[in-house]
Structures are given as structure tokens and as C-alpha cells.
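Taken together, the values in this text are just the output of simple stated rules run on the coordinates, not laboratory data. Values in this document were obtained by computation on a predicted structure and should not be read as measured data. Here the Cβ positions follow ideal geometry from the backbone for every residue, glycine too, while neighbour counts run over all protein chains shown.
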Amino acid sequence: MLSFILKRLGLLVPTFFGVTLLTFSLIRMIPGDPVEVMMGERKVDPELHAQAMQRLGLDQPLYKQYFDYIGQLLQGDLGQSLVSRESVWHEFTALFPATLELSIAAILIASLLGLIAGVVAALKRGSMLDHGIMGLALTGYSMPIFWWGLILIMFFSVQLGWTPVSGRIDLFFDVPPVTGFMLIDTLYLDDEGVWLDALHHLILPAVVLATIPLAVIARMTRSSMLEVLGEDYVRTARAKGLSPARVVFVHALRNALIPVLTVIGLQVGTLMAGAVLTETIFSWPGIGKWLIDAISRRDYPVVQNGILLIATLVILVNFVVDVLYGIANPRIRHAG
Amino acid sequence: MSTQTYDDLVQAPPSRLREFWQAFAHNKGAVAGLAFMLMLIVCALFAPWLAPHSPIEQYRDFLLTPPLWQDGGQAQFLLGTDELGRDLLSRLIHGARLSLLIGLASVVCSLLPGIVLGLLAAFFPNRLGPLIMRMMDVMMALPSLLLAVAIVAVLGPGLLNTVIAIAIVSLPSYVRLTRAAAMGERQKDYVTASRLAGASLPRLMFVCVLPNCMAPLIVQATLSFSAAILDAAALGFLGLGVQPPTPEWGTMLASARDYIQRAWWVVSLPGLTILFSVLAINLVGDGLRDALDPKLKNAD
């Protein structure tokens, strides 16, 4: 087991360095003079220009620039934003809980509804209900979620007035950040109204972000359940006279869950990409919106290392999913 | 006494195309998707003749005119007008041109290098193969939209850069699929036979092995075609894709955001068009998968 984990961990190292090479070269692919681009003006005074080149290390040969970059990263130095002068790491950690809270809410909605829909579709295979659920799932999978968000806002926020249009909490409330999770921080205030307000803000963005994972999980659960329901041990369980509910939930679902859990784990990439769009629509102050704002402000250190941080996160989560899958399924583990 | 020959007695097997069509037509959703797709293609090809107005002409007297069936609708603007008085239907029809073009261009630009890299990875499994696959792992580490956003952030917004970004992000799946399929084929006897007969490496790669790897690639090409349309619209919505006043569906949505309280049609219709197009292509993709590659079938 340990050798399996170490082997997978060993594969992570080149991937991580590959990503650093990618973010490093991204910034150097920007057309035009880097100093002029960063300062946002043309014809910079030659002396100032040379100074800036030196300060940014751009007068060094490329390979040396890359090693300097890696050296800085290994020391935990992710540079600072050109706009706010804050360190990138600091900004990231301040905004990340908002994205995490949204993602957790989304994946909970997606897993719960997706599992129910997939199991029901598998049990009623070939029926109208099955076709309906699978049709909805394919629609969800094809959904432009930025539009879906706008439609939900138009209906629930503008027409019905049930939910707020944007943000995490009403500006009226002052919630001191403790954990960064609004639903937890508002509990400290001991005011039910504030907590409900935070929940109201969360619900629409979470539904929007959950849409695509929900569709993927429902489709996966259905096909995994169908496969398991045809197995001999399920027939044996039925023949033993166990109740149908016990056969479905204890014998079949438990085994059908392994691939489904893997798919749920692999949704982290979808969630991060979805967060960029969802946070933009709902003005949700997380890392997705942060990144898009940084791009429009040409805040390159934030773009470069923000992307690096998100990629690292995705790599790590995929690694954990991989290891858990290996634990659950010995065949994968021994195949190396 | 009849003079039937052996050939008369044995019915000729249905041609491969016919067999494929029978399997495909069995799936009603796929046929519906195909019909919608054909309609889109017709719209894209004949946009200037089909569209009642120019997509960028601004009718200043008709700002935010509602669709025909609503109070205040005008017969000349079937689906209403946008905030600058441009005919929505004409913009949607011309938008089909752009979305299909982006989808097609990015599929071609990632399919061809993807096949070459995948075959190389399969035929050189010692050094080159792992190197290519590690590079693909790196690209897979980033969520595709995020990588596309990063590329466009660097190259600048626009039609061509959108195509480049989407082509780059869809590359890894083609490389992986081609490699996986080619690795399986490479071991088979017919490849060994060709090699012994003196076939050159390019011939082995492209003439012997590649045709037998096409089924999953065609399915993947369909699926990434719809993903490309979706990503292009997302980039347009974020202001990083095709720039206004070009009638791109996502870009149209971005400018419609401000009218969410007053004009439902400028928000709903472009999005519905994206949804239906992507859904139609995905339905076709599902149908193709079932018809071409029974192994991949969703256990039903």
C-alpha cells in the first residue's frame, strides 16, 4: 500500500514542475515588452526600464529566470499583486474559504440529488421516469451555467424576490471572519436572521455550480447501478428472500458507489472552472472572481500564481482520489 | 430446376454505412439532435440570406422591442431587439456561423496534432511516449476553462485566440484516446505482418493502425465540438472571447446582463440557443457512441 502511495506521489513531482513551467512561460508569452505591459504605458524612460527589468529579474537568461522562480516558490514566495501590493498567498487564503464553502455546498447538492436520481433511473430502467431523468441529466450536462445563473436570478431574485441577487451576506450585517465560512461565522453572532441571510445568499450560486456535477453523478450512478444489479451476488441476495430495499441499498448501492465516489472526487476541476463563471455572475468574493478581475486589471503575478495555486489544488485532490480508489479497489493498486 | 448460385442464396450483408445508420436511427434522441444540428448548419451557411436584418445594424427607434407575440412586439423583429436596437433573430442566426466555426476549427486544430502525438506516444513507449503523456498530465491538471482563460489572458481576446485556446485545452483527451487505442492495435498480428512486409513507420502508424482507432476519436470529436461551443460562449461571456459587436452568443449574453429586469428575451434567447445547440450535439455524440463503439455503451 505504501509503495502504491509513494509511486503515485512520485508522479506528482514532474506534473507539479510541468505546471510551474506552464505558468512561467505563460507570462513570457505575453506579446510586447513586459515592463511596458506591466506599467501600462509606452515609451518608458530607458533608465527606469532597465531598473524595472533588473528588479523583475528579466535581464537574466531564461533558464536562470526559471530557477529563480522555482527558488522563490520553494521558499513560499508567490510574489505580490501589482494592484493591491498584497502578497498573492495572502489574497488567496483570504478569498479561498468563500470558494470552498460554495464548492462544498454545490458538491453536497450534486451528490445527494445525483445519487437519488441515478438509483431511481436504474431501478425503473426503460420507463418514462428513467428517460425523463436521463434527458434532464443530459440537459444539465449541456447547460451554459453562466446563462443558467442569470435565468435563476431573473426568476427567483427579480420576479419572486426570494433570494438576493449577489454577494455572500447583506452589507447591513457586519460578520467578523473567524473561519471564513459564512454559514459558520454567522453562528457566532447568535442571530438566526443573519445565518438565514447567509444561507439565502448561498443557495442560488450553489445550485448553479452543482448543475454539471449533478448531471455527471446521476449518469454515472445509473450506469454503475445497472452493472451491479446484474451481478450474481445481487441475484443471490434476492433469492435469499431479502427485502428489495435491503438488496438495493446494502448489496447493490454499496458496490456501485466506488466508481461514483471517484467521479465525485474528480469533479473538483469542474467546480473550479464553474467557480470562475458562478462567482462572476453572483459577485461572489472567491478565487474565481479574483482571477478574472486580475486578468482584466493585467495583474500578472496574481494571474500566474493564482493559476498555479488552483492547479496544485486540483492535482492534490486528484491524488487523494486516486489513493482512495486504490484502497477501495486492490486491482488498481497492484496493477501499479 | 432453378439455377440459383451460391451468391443468390446468401443475402449480401448490409453495407457498413447502412448498418451504422440503422444503429444510429434506433436512438430517437440522436436523430432529433442531428436534425437540430443540420438546421444550425443551414443557418450558418446561409446566414446573410436567412437573417431578416443585418446583425449589426442599429434601429435606434426600436430599442429593446419585445418579441412579436408580446405587447409592443413588431412584425419586422420576430424575436425582438436588443439594447441597441439590433434584431435578435438575425444576431442569433449569424451567431450560429461563429459558434460552428469556432467549434469546427478548434476540433480540427486539436484532433490532428492529438492523433500525431498519440500515435507517437504509442509507437515510442520508452522515451518519447512517457514524455508526451507527462506533458498531457500537466495540461489535464488545469480545469479546461481555466486554462483557456489563462491562454486568452496572455494572447488577448478575439476569435482566433479563442480557437487556439480551446484547441490547446482539448488536445490531451485526443492524445490519450489515440495512444490507448493504438497501444492495443500495435500488438495485433496484422501490424506485425505489415511490419515484416517492410511497411515504413509512418505507413504503419497512419495507414495500418490509425483507421482502427477512429471510432472513439469520432465520438470524442463530437463531444469536444459541443464543449468548444460552450467554452467559447463562456469566454465571450467573461469578455475574453469574440468581441462586440460581433454577434457571438456568449458575448450577447454578457451585454444582456444589465437588462435582466426589463427585457427577458435578450437574456433568455441567446442562452437557450446555446443550450439547444450543445444538447443537440451531445445527443448526436451519444448516438454515435452507441452506434460506432458498442464497448463504450452505457450498459443499456
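Things worth noting here:
- Rounded to the nearest 0.05, the FRET efficiency derived from the C-beta distance between B:L201 and A:Y233 at R0 = 35 Å is 0.15.
- Magnitude of the charge dipole, the protein assembly as shown, Cβ model with Lys/Arg +1 and Asp/Glu -1, debye to 20: 2400 debye
- Theoretical gain in end-to-end length, B:E83 to B:M39 [0.36 nm per residue, Cα-Cα removed]: 13.1 nm
- Low-density loop positions, trypsin sites (Lys or Arg not before Pro), the stretch B:91-148 - DSSP coil, at most 11 other Cβ in 10 Å: B:R127
- From least to most packed, judged by other beta carbons within 10 angstrom and beginning with the fewest, B:T65, A:T20 follow the order A:T20, B:T65.
- Dipole-positive endmost among A:T99, A:F319, A:V207 within chain A (Cβ charges, Cα centre): A:F319
- Overall, the stretch B:152-300 carries a charge dipole of about 420 debye about its Cα centre when +1 sits on the Cβ of Lys and Arg and -1 on the Cβ of Asp and Glu, all other atoms neutral.
- Space enclosed by the convex hull of the alpha-carbon atoms of the stretch A:116-185, per residue, Å³: 146 Å³
- The stretch A:242-326: trypsin sites (Lys or Arg not before Pro) in DSSP coil with no more than 12 other Cβ atoms inside 10 Å: none
- In nm, spacing of pseudo-spin labels at A:L187 and A:K43 (7 Å Cα→C-beta vector): 6.2 nm
- Distance between modelled label sites at B:R262 and A:L324, nm, 7 Å Cα→Cβ extension: 4.9 nm
- Taking other Cβ atoms within 10 Å as a rough exposure proxy, A:L271, A:L78 sort from fewest to most as A:L78, A:L271.
- Think of it as helices only: each DSSP H run of n ≥ 4 in the protein assembly as shown is worth -39500 (n - 2.57), and spread over all residues that comes to -22500 deg cm²/dmol at 222 nm.
- Cα gyration tensor, the stretch A:169-262 - rounded (a/c under 1.5), prolate or oblate: prolate
- Helix B:144-155 axis, angle to chain B major axis (alpha carbon atoms, nearest 10°): 70 degrees
- On the principal axes of its alpha carbon atoms, the stretch A:61-191 extends 64, 46, 27 Å, with the longest extent given first.
- Computed log10 I(q)/I(0) for the stretch B:1-143 at 0.14, 0.21 Å⁻¹: -0.91, -1.17, from the Debye equation with unit scatterers placed on every C-alpha and solvent omitted.
- Placed amide H near B:G85: partners under 5 Å, 5+ positions off or other chain: B:L64
- Chain B - convex hull of alpha carbons, volume per residue in Å³: 211 Å³
- Cβ-derived FRET efficiency at R0 35 Å, A:F155 paired with A:S243, nearest 0.05: 0.25
- For q = 0.09, 0.15 Å⁻¹, Debye-computed log10 I/I(0) when each Cα of chain A counts as one equal scatterer: -0.65, -1.29
- Principal-axis tilt of helix A:2-28 within chain A, Cα atoms, nearest 10 degrees: 40 degrees
- Per-bin percent of Cα-Cα distances, the protein assembly as shown [20 Å]: 16, 48, 31, 5, 0, 0
- Backbone HN-Hα couplings from phi across the stretch A:214-219 [Karplus 6.51/-1.76/1.60, Hz, Gly and Pro as x]: 4, 5, 5, 5, 4, 5
- The loop-placed chymotrypsin sites (Phe, Trp or Tyr not before Pro) in the stretch A:117-223, going by DSSP, that have at most 12 neighbouring Cβ atoms within 10 Å of their Cβ come out as A:W162, A:F172.
- When only alpha carbons are used to place a centre, the stretch B:173-216 and the stretch A:74-128 end up 40 Å from one another.
- Global size of the stretch B:185-238 as Cα Rg and Dmax, reported in angstrom: 17.8, 56
- Simple spin-label estimate for B:S15 and B:Q74 in nanometres, 7 Å along Cα-Cβ: 5.1 nm
- Proximal lysine pairs, the protein assembly as shown, alpha carbons under 26 Å, eight or more residues apart or interchain: 8
- Using θ = phi - 60° and Karplus 6.51 cos²θ - 1.76 cosθ + 1.60, couplings along the stretch A:71-79 (whole Hz; Gly, Pro as x): x, 4, 4, 5, 7, x, 9, 9, x
- Candidates B:L240, B:L120, B:L63, ranked by Gaussian network fluctuation over chain B, Cα under 10 Å, top entry: B:L63
- Entry note: the stretch B:66-213 has Rg to Rh equal to 1.23, where both radii use alpha-carbon atoms and Rh is the Kirkwood radius.
- A Förster radius of 30 Å combined with the Cβ-Cβ distance from A:Q51 to A:L6 puts the calculated FRET efficiency at roughly 0.05.
- Taken over the stretch A:215-336, the percentage of Cα pairs per 10 Å bin, counting from 0 up to the bin with the maximum distance, is 12, 28, 25, 18, 12, 5, 1.
- For chain B, the longest principal axis of the Cα atoms and the long axis of helix B:16-25 meet at an angle of about 40 degrees.
- From the largest down, the stretch B:159-300 spans 72, 37, 16 angstrom on the principal axes of its Cα atoms.
- When you restrict to C-alpha pairs under 8 Å that are six or more residues apart and normalise by the size of chain A, the relative contact order lands at 26 percent.
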